[in-house]
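Enquirer: Can you keep this structure in mind? I'll have questions shortly.
The values are calculated or read from the model by the stated rules, or taken from the named source; none is laboratory data. These figures come from a predicted structure and were not determined experimentally.
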Amino acid sequence: MATTSIKKNFVINSKKSALEIASKLVDVEKTVVPTLNRPRISRPVMSEQILSYFSESKSDRS
């Protein structure tokens, strides 16, 4: 008699945990996936700016 109730409880608990896991998986499927399409903060650098940076760094070394 005790083994039947243990088996029933095990089956009921297994079904409950399976339903909880399934509902969590469904929730994960509904979440928004982060993408790499982010706005860039950088701005284009002109060649004159690069030249002036390197000429400043050379003068700082000497």
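Enquirer: Residues in the stretch 14-31: is at least one at pLDDT 70 or above and outside any helix (DSSP H, G or I)? Before you say what the answer is, go through the steps one by one.
Expert: Step one: of the stretch 14-31, the residues at pLDDT 70 or above are 14-31.
Narrowing further to those that are outside any helix (DSSP H, G or I): 31.
Among the residues of the stretch 14-31, at least one is at pLDDT 70 or above and outside any helix (DSSP H, G or I), which makes the answer yes.
Enquirer: Against the condition polar (S, T, N, Q), in a helix (DSSP H, G or I) and at pLDDT 80 or above, how does Ser57 come out, does it pass?
Expert: On the way: polar (S, T, N, Q): yes; in a helix (DSSP H, G or I): yes; at pLDDT 80 or above: no.
Against the criterion (polar (S, T, N, Q), in a helix (DSSP H, G or I) and at pLDDT 80 or above), Ser57 does not qualify.
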